[in-house]
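Heads up: the structure comes next, in structure tokens.
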Amino acid sequence: MEQKKSIKGIRIRTVNYSMIAISAVLYVLLIVATINASKEYKTMVTATDEYIDSQSYAAQIADGSNYLTEQIRLYVMTMDPKYMEAYFTEANVTRRRENALENLEQYLVSDEALQFLKEALSYSNELMEREIYAIKLIALSQGGDNDFPAVVREMPLQPDDQNLTPEEMVEKARKIIFDDSYQDAKASISNNISYFVSSVIDSTHLKQQSTLAKLKNTMSTQTMFISFLFILNLITFTMVIVLIVRPLQLYIDCIKEEKQLNIMGAYEFKYLALTYNDIYEVKASHEALLRHRAEHDPLTGLINRGAFEQMKEFFKINPCPLALLIIDVDKFKLVNDNYGHETGDQILKKVAAVIKHSFRTQDYPARIGGDEFAVIITEVTSNLQPTILNKVTEMNKTLQNPDDGLPAVSLSVGGAFSTQGFTDSLYTEADSALYIVKEHGRCGCHFYDEKEAAES
């Protein structure tokens, strides 16, 4: 036992828990790194999508402005009302320019970049003032603006234009839409949209670069954790081979060859080897005894009839001075009939406990029948009859004066001694002695006597 206490070595449980803990931490870190990589990738994708959407909305502003220009020019050239209607539909209903700007304000577009679009829209709105004024002139040239939208009717006419002829009004309207200042305003709109797109490109590029750098770092971290897990698996595999597999293979070979085990491997295997070696050392001399004592009666815990028979054979082969006691519980059938089998079982358990307590650990009490017990007492001779008689007397006192509520019972005991181990006649002699006790009123003990047997 002291040798076992002094065992030193790595415990399998410690290795197992440590590897699980380290693996769990690495897997958690790997999962976190993977989540971060996914977030960075989504950030990059989002930045790209926002750039594409920003370009699209900027193009909508340009398209809306160009569409207004196209429709107003067609109107002043043809004076066809459908072009004017298309113009105001775009300006008041479709509103591509305003909608695009509103959508862009929801994105993480910088204020500086957004300002370019606001300025482009401002230029476009200024052009609309000129375009509506041109529509006003065309309307007046055709006899009046009563059937025109309110914004046209409410547009004041400049003093210099009040006395123009219808032809001059048309000419003036066309000049407003096609002159250099109009073209300059259109160029300003286009330039501001271009500035916006360039700004968005620059900011998107910076965001993508930053995100890409973070993504590379995250992927490097992932690679590192995967490498650690791989190394950990190699270490675990090596330790399993060194601490478990190899010792186990050698132990199996030793057991097959019935050899003692080498002390090696993990703590548990070292402990196992020492335990096995302890068992191995006593196996030759005590194997039969250990096997026999394992065969117990389930009710009383004493060895059963089969084990008792094996003990008889053992002491025939390995003779020593001994005594055999055969014990009956007096009138046990009446106990079962009057109190029930459950109470009877409790009494049998109590009798067994009293018998076992009354004899030494090197003696072998057994239950060999329903209410029949036997005891093999080792290393005794007939001169110990008084001692055994006293034990039987004390057992009967205990059983006849119960303090546990169970009915009182008594024991009849027959005994026989042998100096040559368990002989073929020993059981018969003890049984004969038991018969004499029963003939003389039970509750007592008698030992076989050759002279007495011869006289009878």
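The values are calculated or read from the model by the stated rules, or taken from the named source; none is laboratory data. Since this is a predicted model, take the numbers as computed values, not measurements. Note: ideal-geometry Cβ built from the backbone for every residue, glycine included; neighbour counts use all protein chains shown.
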Quick one: is residue 165 surrounded by fewer than 14 Cβ atoms within 10 Å (Cβ to Cβ) and assigned by TED's automatic domain parsing to the domain that holds residue 178? yes
Surrounded by fewer than 17 Cβ atoms within 10 Å (Cβ to Cβ) and within 30 Å of residue 86 (Cβ to Cβ): does that describe residue 242? no
Considering each of 263, 244 in turn, give the residue that is modelled with pLDDT of 70 or more, within 23 Å of residue 16 (Cα to Cα), among the hydrophobic types (A, V, I, L, M, F, W, C) and not in a helix (DSSP H, G or I). 263
Just the residues that are assigned to a helix (DSSP H, G or I), closer than 22 Å to residue 301 by Cβ and either in contact with a His (Cβ under 9 Å, 6 or more places away or on another chain) or of a type in the set (Asp, Glu) (or both), please, taken from region 320-355. 342, 345
Report whether or not residue 163 is at pLDDT below 80 and part of a loop (DSSP other than H, G, I, E, B). no
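State all residues of region 168-182 that are within 27 Å of residue 120 (Cβ to Cβ) and either among the aliphatic types (A, V, I, L, M) or not assigned by TED's automatic domain parsing to the domain that holds residue 140 (or both); if no residue qualifies, say none. Steps first, please.
Step one: list which residues in region 168-182 are within 27 Å of residue 120 (Cβ to Cβ), which gives 172-182.
Once the filter is applied, which keeps residues that are within 27 Å of residue 120 (Cβ to Cβ) and either among the aliphatic types (A, V, I, L, M) or not assigned by TED's automatic domain parsing to the domain that holds residue 140 (or both), region 168-182 yields 173, 176, 177.
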Among (1) within 19 Å of residue 71 (Cα to Cα); (2) surrounded by fewer than 17 Cβ atoms within 10 Å (Cβ to Cβ); (3) modelled with pLDDT of 85 or more, there is one condition residue 184 misses while meeting the rest; what is its number? (3)
Picking from 130, 97, which residue would you name as being within 27 Å of residue 199 (Cα to Cα), of a type in the set (Lys, Arg) and crowded, with 16+ Cβ neighbours inside 10 Å? 97
Tell me whether region 193-211 contains one or more residues that are modelled with pLDDT under 75 and of a type in the set (D, E, K, R). yes
List, please: which pairs have Cβ atoms under 7 Å, are six or more places apart or on different chains, and start with a residue in region 112-123 that is farther than 9 Å from residue 193 by Cα and assigned by TED's automatic domain parsing to the domain that holds residue 97 and end with one that is of a type in the set (Gly, Ala, Ser) and part of a helix (DSSP H, G or I)? 112/199; 113/199; 113/203; 123/185; 123/188
Which condition from (1) farther than 17 Å from residue 422 by Cα; (2) surrounded by fewer than 19 Cβ atoms within 10 Å (Cβ to Cβ); (3) touching a Ser or Thr at 6+ places or on another chain (Cβ under 8 Å) is the one that residue 390 breaks? (3)
Among the candidates 222, 209, residue that is within 30 Å of residue 37 (Cβ to Cβ) and either touching a helix residue (DSSP H, G or I) at 6+ places or on another chain (Cβ under 8 Å) or not in a helix (DSSP H, G or I) (or both): 222
Filter region 187-239 down to residues that are of a type in the set (Gly, Ala, Ser) and either surrounded by fewer than 17 Cβ atoms within 10 Å (Cβ to Cβ) or without any contact (Cβ under 8 Å) to a residue 60 or more places away in the chain (or both) and give me whichever is farthest from residue 20 (Cα to Cα). 187
Does residue 412 meet the test of being under 21 Å from residue 322 (Cα atoms) and surrounded by 14 or more Cβ atoms within 10 Å (Cβ to Cβ)? yes
Flag if residue 70 is at pLDDT 80 or above, charged (D, E, K, R) and surrounded by fewer than 18 Cβ atoms within 10 Å (Cβ to Cβ): yes
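Looking only at residues in region 168-181 that are without any contact (Cβ under 8 Å) to a residue 40 or more places away in the chain and buried (at least 17 other Cβ atoms within 10 Å of the Cβ), which one is farthest from the chain's Cα centre (by Cα)?
Here is the first cut: in region 168-181, the ones without any contact (Cβ under 8 Å) to a residue 40 or more places away in the chain are 168-169, 171-172, 175, 179-181.
Restricting the remaining residues to those that are buried (at least 17 other Cβ atoms within 10 Å of the Cβ) gives 169, 172.
Numbers: 169: 86, 172: 84 Å.
Among those that are without any contact (Cβ under 8 Å) to a residue 40 or more places away in the chain and buried (at least 17 other Cβ atoms within 10 Å of the Cβ), it is 169.
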